[in-house]
Amino acid sequence: MHLNSHVAGVTTACFAALACALLVAGQHGNSAPPAGRPASPPRTWSPAAAARYLDQREIWWQGWDRAQKDHGTLCVSCHTQATYSLARPILRNQLGEHGQSPQEQIMLSSIEKRVRDWQNMQPFYSDALYGTGKEVESRNAESVLNAVILASYDRPSGRLSNTARLALDNVWALQSQSGPDAGAWVWQNFDFTPWESKESQFHWAALLAVALGRECFDGRSSASAPKSSKKSENYCAESKIAPHIKQLLGYLSGHYEAQPIVNKVVALWAEKWFPGVLTYDQGRTLIDNLNSLQHQDGGWSLTDLGSWHRRDDSPLETRSDGYATGLVVLVLEEAAVTSSTSPRIARGIAWLESNQDKTTGAWPAWSLNKNRDVTTPVGQFMSDAATGYAVLALEASDPHLAAAFPR
């Protein structure tokens, strides 16, 4: 079943060939690509330190008074918990751990409780305290975050748990069915870029598509081919689910051009699973843009991936950061090219390998909204996400780990 035949697309193989050619012949690249990374490269970053940092940040989040919600549950955060849920299981695999950390167990227990008793749970933000519409916004955003996190944890088993399916039922019940944003979800908007702002709606719709693609289709194929025999189900092809997927993909393809580059990068990730989210020309333009925005040190800056303006009018940080570099490298590795075929990706990986903080285990990133003190708990939100994406990108570059934990 080809779920997105309603949009003109290109095959995954064709798009990957385009991306590879463009990256190799990019700003610094008329020379032939290097022979490639060795089969077992010496590790120059510390998974253990990254795990410690992320666990400590999750402990802080779980104890923060503003994260406490009704029925003894916790607020689900885009920056700290969502990215934690993507990276921490992979770190467990790298470190040879045999079970979830206590912090993961607390996080998942809270999410599962809220999903199971969804109708009795209060929205994270009330209209009375935060303004008209905030209850709808927070309810919609939470439903998507819950589903992305639970689907991520179900990925090793190859099938969605009953709780994850219930979380997705909540998602589809809230999906916009009409209007200009049909197929998406009203998102939490406090004008805090990139998590709670007008850009966030597309960003998380695309990340939901990524999470669904991983569950619905084999890692070596796309939406045009069902799961392999190793997988026991194809959730996306179920008769009651397929129309929702079609609406989601229609929203992504129809709103792509209006997005900042950071959102287009996530759309490229979704393209891996659902060919047609981007057209050939859109993909070519995006890769050209990413080529031109790579810094001389090999990294990317989130400042360059959109048009941002800080509330306090302070200048935006322009240095390469772990969030932009991790996300761009990860997506290009997974959806377009590999580090062995692109010197640009190799340079991005080298930046990540050399920019983990030796003391904290985190990767640097800075707020787009205010000139925050990065030594404070709130000032570390962007580093939380940066560390998550850096871990994912570095894992994807390791052939042994990629084979053990296929995407």
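The values are calculated or read from the model by the stated rules, or taken from the named source; none is laboratory data. Just so it is clear, the structure is predicted and the values come from calculations on it, not from any experiment. Note that each Cβ is placed from the backbone with ideal geometry, even for glycine, and that neighbours are counted across all protein chains shown. Note: areas computed on protein heavy atoms with side chains; ligands, DNA, RNA excluded. Shrake-Rupley method; radii C 1.70, N 1.55, O 1.52, S 1.80 Å.
Below are the figures for this structure:
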| item | result |
| --- | --- |
| Contacts under 9 angstrom Cβ, first residue in region 295-324 being closer than 12 Å to Trp351 by Cβ, partner of a type in the set (D, E, K, R) and in a helix (DSSP H, G or I), 6 or more apart | His295/Asp304; Asp297/Arg347; Gly298/Arg344; Gly298/Arg347; Gly299/Arg347; Ala324/Asp304 |
| Residue within region 339-360 that is closer than 28 Å to Ala67 by Cβ and surrounded by 19 or more Cβ atoms within 10 Å (Cβ to Cβ) present | yes |
| Output for region 257-289, where each listed residue is closer than 16 Å to Ser307 by Cα and without any contact (Cβ under 8 Å) to a residue 60 or more places away in the chain | Glu257, Ala258, Ile261, Lys264, Leu286, Asn289 |
| Unmet criterion (only one of (1) at pLDDT 95 or above; (2) open to solvent by less than 50 Å² (accessible area, probe 1.4 Å); (3) closer than 28 Å to Asp127 by Cα) for Trp195 | (1) |
| Only one of Ser161, Ser178 that is small (Gly, Ala, Ser), open to solvent by 30 Å² or more (accessible area, probe 1.4 Å) and touching an Asp or Glu at 6+ places or on another chain (Cβ under 6 Å) | Ser161 |
| Asp281 being more than 21 Å from the chain's Cα centre (by Cα) and at pLDDT 95 or above | no |
| Among the residues listed as Ala258, Ala225, the single one being modelled with pLDDT under 95 and aliphatic (A, V, I, L, M) | Ala225 |
| Evaluation of Trp273 against (1) in contact with a Cys (Cβ under 8 Å, 6 or more places away or on another chain); (2) open to solvent by 30 Å² or more (accessible area, probe 1.4 Å) (one fails), failing number | (2) |
| Sole exception among (1) at pLDDT 95 or above; (2) surrounded by fewer than 18 Cβ atoms within 10 Å (Cβ to Cβ); (3) part of a loop (DSSP other than H, G, I, E, B); (4) not acidic (Asp, Glu) for Arg220, by number | (1) |
| Count of residues meeting criterion [within 16 Å of Gln68 (Cα to Cα), more than 21 Å from the chain's Cα centre (by Cα) and hydrophobic (A, V, I, L, M, F, W, C)] in region 95-114 | 1 |
| Residue match in region 132-152 (condition: surrounded by fewer than 14 Cβ atoms within 10 Å (Cβ to Cβ) and more than 20 Å from Leu174 (Cβ to Cβ)) | no |
| Tally, over region 336-348, of residues that are in a helix (DSSP H, G or I), in contact with a Pro (Cβ under 7 Å, 6 or more places away or on another chain) and modelled with pLDDT under 90 | 1 |
| Whichever residue in region 275-312 is of a type in the set (A, V, I, L, M, F, W, C) and part of a loop (DSSP other than H, G, I, E, B) and, among such residues, is farthest from Ala335 (Cα to Cα) | Trp308 |
| Criterion (modelled with pLDDT of 95 or more, out of contact with any strand residue (DSSP E or B) (no Cβ under 7 Å at 6 or more places or on another chain), closer than 24 Å to Pro260 by Cα and not in a helix (DSSP H, G or I)) met by exactly one of Trp366, Trp351 | Trp366 |
| Residue satisfying condition, being within 30 Å of Val374 (Cα to Cα) and either out of contact with any Asp or Glu (no Cβ under 6 Å at 6 or more places or on another chain) or open to solvent by 30 Å² or more (accessible area, probe 1.4 Å) (or both), within set Asp288, Asp304, Asp281 | Asp304 |
| Subset tally (residues that are part of a loop (DSSP other than H, G, I, E, B) and either more than 26 Å from Ala362 (Cα to Cα) or touching a Leu at 6+ places or on another chain (Cβ under 8 Å) (or both)) for region 313-335 | 3 |
